[in-house]
1. Sort the following peptides by mean Cβ neighbour count (other Cβ atoms within 10 Å, averaged over residues), highest first: 55-65, 33-43.
2. For the range 240-268 and the range 18-51, what is the separation of their C-alpha centers, rounded to whole Å?
3. If amide H atoms are built 1.01 Å from N in the plane of the peptide, which residues on other chains or at least 5 residues away come under 5 Å of the amide H of F256?
4. Based on the mean of other Cβ atoms within 10 Å per residue, sort peptides 227-234, 157-164 so the most packed one is first.
5. Output needed: percent of Cα pairs per 10 Å distance bin for the chain, bins running from 0 to the one holding the longest distance.
6. Decide, for the range 120-198, between rounded, prolate and oblate: order the square roots of the alpha carbon gyration tensor eigenvalues as a ≥ b ≥ c, take rounded if a/c falls under 1.5, and otherwise choose prolate if a/b is larger than b/c, else oblate.
7. Name the residue from N78, P191, L52 whose Cα lies farthest towards the positive end of the charge dipole of the chain, charges +1 on Cβ of Lys and Arg and -1 on Cβ of Asp and Glu.
8. Which value, in Å² and to the nearest 10, is the accessible area of I103 when all protein chains are kept and the probe is 1.4 Å?
Amino acid sequence: MLPYQTLQEAEASLGRNLSFAETLWFKYSAQKSDFLLYCHNTFFLFIFYSVLPLPYMFIELVRSHKIDRFKIQPKIKNSLADMLDCYKKVMVTFVVAVVPLQIFSFPVIQMIGIRTGLPLPSGSDIFLLLLVYFVVEDYANYWLHRLLHQKWGYENIHRVHHEYTAPIGFAAPYAHWAEIIILGMASFLGPMIAPGHMITFWLWMIVRQMEAIETHSGYDFPWNPLKYIPFYGGAIFHDYHHFVGGKSQSNFASVFTYCDYIYGTNKGYRYKEAFEKVLAKHP
């Protein structure tokens with residue numbers, strides 16, 4: 001909750017006029033507790049997960065010849081019932097695992113110093129922090145994901161996520177509740193190392209969710225602007241990991257490809273052409 005009662009008090013404290021964005025933030029957050037602002041993440045999770053996969057669902061249902069050119073595993077077809085069933089199961093997992101995690105993790109957010117007050121961070125500050133969060137999360141996720149592919153972790157936890165050998169957008173967070181918590185720690189690590197404003201934290205969780213849905217979309221569109229990001233793996237990179245399944249010891253990283261390259265876990269997947277040859281032979 002902001003320590004100001006009026007806009008004038010806030011401007012006097014900062015020694016300047018509030019920007020347009022800061023005025024909006026003041027009007028929205030002044031009377032809301034930090035806990036309530038933090039819990040917005042749960043609301044965003046439900047909303048964005050429900051909306052962002054819809055275009056991919058529509059594309060999957062249409063499945064024209066032109067669209068199938070971009071389907072990574074075109075022999076796999078998902079019905080509307082299949083996708084809605086996946087959505088329902090994920091929502092249950094959110095309620096069981098994510099909502100309690102959100103509530104009980106608030107003291108950690110307070111301890112590391114994620115702030116809700118003024119001034120707001122600049123655009124460059126937000127960009128740099130998001131970049132740090134992506135790099136940190138990708139590295140931590142690589143090792144946690146690799147650990148989940150060990151015999152006990154896979155058989156008891158990670159196998160649930162691999163029920164989809166050809167992933168779809170709704171399957172991005174489809175996983176055992178324990179995996180949601182384990183890999184969720186990788187997402188929290190960046191903000192713990194470099195805490196910022198609550199708005200930056202919100203954006204991090206939203207953008208990371210958007211990326212995960214794109215990675216699990218099952219489609220590799222050549223015009224995707226993310227392809228221009230150095231070392232970005234994308235759907236084609238992660239699809240191979242799902243295609244191989246439980247025996248996969250390749251493509252563990254969540255976003256980029258450099259960890260798999262450095263640690264030699266990309267040997268099963270070197271080039272897109274090699275993957276397509278494997279798919280062509282798959283019954």
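The values are calculated or read from the model by the stated rules, or taken from the named source; none is laboratory data. Quick caveat: nothing in here was measured; it's all calculated off a predicted structure. Cβ coordinates were reconstructed from backbone atoms using ideal geometry, including for glycine residues, and neighbour counts include every protein chain displayed. All accessible areas refer to the heavy atoms of the entire protein, side chains included, with ligands and DNA or RNA removed. Shrake-Rupley method; radii C 1.70, N 1.55, O 1.52, S 1.80 Å.
1. Highest-to-lowest ranking by the protection proxy: 33-43, 55-65.
2. 36 Å
3. Those lying under 5 Å, H to H, from F256 are G233.
4. Taking the mean over residues of other Cβ atoms within 10 Å, the ranking is 157-164, 227-234.
5. 6, 26, 32, 21, 10, 4, 0, 0
6. It comes out prolate by the Cα gyration axes.
7. N78
8. Around 80 Å² of this residue is reachable by solvent.
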